[in-house]
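Structure record follows, encoded as structure tokens.
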Amino acid sequence: MLGDVRSRASRRGLRGATFAAAAIAAAGLVACNALLDLGAYHVDEADGAAPGGGGDGGLAGPCAPDAAPNDAGCYECAPQNDKQLLNACTKAQCVTFDDARLAKLIPADGKLPAYPANGPFDAGPILNPDAGAVPNCAAINSSPVVYVTGTAKPFVSSLASALFAAPDPITIVYVGRTSCVGVDAILNSTATPPGTVASYFDSGGNEQKCVIGADDAGGPTFTQIGVSDVFATTCFQLPNGIPKDMSDFPGPVQSMTFAVPKASTQTAISANAAYFVYGFGGAAGLAPWTDDAFIYKRNPTSGTSQLIAPGIGVRVEDWKGIDSISSSTMITKLTSSTAPEKTIGVVADTDITDTLTQKIGVLAFKYQGQSCAYYPDSTQTAKDKNNTRDGHYALWGPFHFFAKIDTGGNIRDAAASKVINYLTGRTPPPNGLDLIQVEATLNLVPLCAMHVTRSTEMGPLTPAAPPNACGCKFEQIATGHTDCKACKVSGDCPSDKPTCSFGYCEPQ
């Protein structure tokens, strides 16, 4: 199947990641959200900046567009644009990356040398495990079946278990694939081949297997929801945006990271350093990452590499190193390396469980124009996601849930519509499932806890202050502590944090 997807993607323009991703269709960005009020979260750059912003939360007065940083190289005023957000004064840990390591690699004119292009990418067909004695996916639980193809398995599975035992049950059948395959399933209406082994999740949260056969009418089985770490325009050349019969519904934010074995002494990497590591491989001679056998990448359909690619300026198809094929294989490579100092890979922050933090170290990342490198959290061991939430950590993006829509903008499949409403927080999930709890546990950030937004892959940051903010509740769940005052109504709250939202006093 993947061979077919890639050849079709080539014809449609599968492009890896570039610096000019087209904006997603407006219908996907304004998906209302009655529970978390995420529809109002998105700030379009043409509409100007929303109040709020990054820094340490105590910055006074907005920065002028041409404001200069202070002597410490950070902006003490409330940041208003991309440069200011990336360099706002913060209490988070500033990690040094020695730019002198790049001195011999960058010419005197400061322009990065062109990296060598790879040949055409083709990893061959997807291999499915032997189905064995497993049921037909369409015959499970005597309920509507919604087929979900792509990434975000831990997040989707939490909802799937709650829906399986709901009074009005829905069975989510999950076909694990890379992000761009998830996009392709909706964009090109690519059917899932009969015999594909998929997963569903029972009421106890246990993963069960089923095999995809023909639908009830004997025809092919199509995906109702495609899930991706990246915008559709990152996977495919879509100069006019996604088609009118398709919409993108944004979900929680995920950070992508460079990672090394815990035994490595490396703590940070810059965008320029990553440019040489993944653009030239070991041939660049950037110590300690000088051996291609220990530089690990994901293939061009992976959302992890697709999102990072524009952040380092290397087309995803041209990355050097060893293809780890899957996130689980990447984790294995990093944890079992025989040369930990030479080893580097890329992982989604959601892949780094509490157990794996004892075996894998996330590198702080210094983006172009930043004076420091930052972790996704305020420190390497914190769980607050502060640097992702306020814009200091640059490598992040929301999950994207894609579905076919009718001319009125409504999701065509009624059961799929319910699932997307749950996944994005528009409708409270069944069985008391706390979506913010799930997101915090999985190292995700709900949109209602973000202070910044962007409308294209690795595009400019703008401040955001989502209505019905949940930052305080998120902090309490993720870290076990928040300085916010608990409340029942807004009358319980002080003037500087006047709104009671999700049980805590928030600034607006």
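Since every read-out is calculated from the coordinates, none of them should be taken as a lab result. The shown structure was predicted, so the numbers you read here are calculated from the model rather than taken from an experiment. Every residue, glycine as well, gets a Cβ built from its backbone with ideal geometry; the counts of neighbours run over all protein chains shown.
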Discussion item. Quick one: 3J(HN,Hα) in Hz for region 194-201, Karplus 6.51/-1.76/1.60 with θ = phi - 60°, rounded, Gly and Pro as x.
Written reply: x, x, 5, 8, 10, 10, 9, 10
Worksheet item: Which aspartates and glutamates have a Cα less than 13 Å from the Cα of Lys209, not counting those fewer than 8 places away in the same chain?
Response: Asp130
Practice prompt. Search the structure for amide H atoms under 5 Å from the amide H of Val452, placed 1.01 Å from N in the peptide plane, and list their residues when 5 or more places away or on another chain.
Written response: Ala464
Worksheet item: Between Rg and the Kirkwood Rh of region 318-363, both from Cα atoms, what is the Rg to Rh ratio?
Response: 0.93
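What is the percent of Cα-Cα separations in region 161-223 that go past 16 Å?
Values: 1037 of 1953 pairs.
Here the tail beyond 16 Å accounts for 53 percent of pairs.
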Worksheet item: What residues have an amide H closer than 5 Å to that of Ala364, excluding those fewer than 5 places away on the same chain, when H is modeled at 1.01 Å from N in the peptide plane?
Response: Ala268, Ile269
Worksheet entry | Given Lys104/Lys297; Lys91/Lys366; Lys262/Lys342, the pairs whose alpha carbons are separated by over 18 Å | Lys104/Lys297
Worksheet item: If you bin the C-alpha pair distances of region 144-270 every 10 Å from 0, what whole percents do you get?
Response: 11, 36, 31, 16, 6, 1
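Mind checking the full-extension length gain between Asp71 and Arg412? Use 0.36 nm per residue of separation minus the Cα-Cα distance, one decimal, nm.
Details: separation 341, 0.36 × 341 = 122.76 nm, distance 5.59 nm.
Stretched fully, the Asp71-Arg412 segment lengthens by 117.2 nm.
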Worksheet, complete the sentence: Counting every C-alpha pair in region 199-273, the percent lying more than 19 Å apart is 69
Worksheet item: So what is log10(I(q)/I(0)) for region 421-505 at q = 0.12, 0.13, 0.23 1/Å, when the Debye sum runs over its Cα atoms only?
Response: -0.40, -0.47, -1.22
Discussion item. In region 362-396, whose amide N lies under 17 Å from the spot 7 Å out along Cα-to-Cβ of Asp99? List them in ranges.
Written reply: 365-374
Item to complete: Once you have the Kirkwood Rh of region 361-448 from its Cα pairs, apply Stokes-Einstein at 25 °C and 0.890 mPa s and quote D in µm²/s.
Response: 159
